[in-house]
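Report on one structure; see the data block that follows.
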Amino acid sequence: MSALTDGLAAVRRDPRTRAGGLVLGAAVGLAVAQAHWVGFVLGGALVGLASRDLPRALAAGLAFGVLAWLAFAGLLADGGAFDGYLGAGQLPYISVAIPLLGGVVGSLARGIV
C-alpha cells in the first residue's frame, strides 16, 4: 500500500502531473460511464485521488459530474432530442443528480487514501 500512496503523493506534488491525472481520470470515468453508471463513481474517485486535499477532491468530483452531464446533454442535443428530454417530467432531475452525486461520492476516496 505504501507504493500506492507514494505514487499518489508524487502525482499530487507536481502541478503538471496532477493536471494530467485529472484529465486522464475524467477521460477514463467518461469512457466507463458510457457503458455503466459506475463510471461516474470511478471518474470521481480518479479525479479525487489526483487532488491535493479532500476539499479540492470534492470540488473535482463535482466538476467531473457536471462534465459528464454536459457530455450527455451534448449527445442529446446532437441527436435533436434535447427538447424532448427537457419535457420528460422528473427524468431530467434524476439524470442530473446521478452524475453529480456519483462524482462526489467517488471523490470521497481521497479521504481514505
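According to a simple spin-label model (label point 7 Å from Cα along Cα-to-Cβ), what is the distance in nm between ARG16 and VAL96?
It works out to 3.9 nm between the two label points.
At a threshold of 8 angstrom on Cα-Cα distance, excluding pairs fewer than six apart, so keeping six or more, what relative contact order does segment 20-113 reach in percent?
Working: 148 pairs, mean separation 35.5, N = 94.
It comes to 38 percent, rounded to a whole number.
On alpha-carbon atoms, Rg over Rh for the chain using Kirkwood Rh? Could you put the intermediate results ahead of the total?
Numbers: Rg = 15.2 Å, Rh = 14.3 Å.
With Rh from the inverse mean 1/r over Cα pairs, Rg/Rh is 1.06.
Could you run the Karplus curve 6.51 cos²θ - 1.76 cosθ + 1.60 with θ = phi - 60° over segment 60-71 and give me ³J(HN,Hα) per residue in whole Hz, x for Gly and Pro?
Each residue of segment 60-71 in turn: 5, x, 5, 5, 5, x, 5, 4, 5, 5, 5, 5 Hz.
Once Rh for segment 55-94 is found with the Kirkwood sum over Cα pairs, what is the Stokes-Einstein diffusion coefficient at 37 °C and 0.692 mPa s, in µm²/s? Display every interim value, and only then the final one.
Numbers: Rh = 11.2 Å.
Value of D from the Cα-based Kirkwood radius: 292 µm²/s.
FYI, it's all coordinate maths here, none of it is from the lab. Quick caveat: nothing in here was measured; it's all calculated off a predicted structure. Cβ: placed from backbone, ideal geometry, glycine included. Neighbour counts: every protein chain shown.
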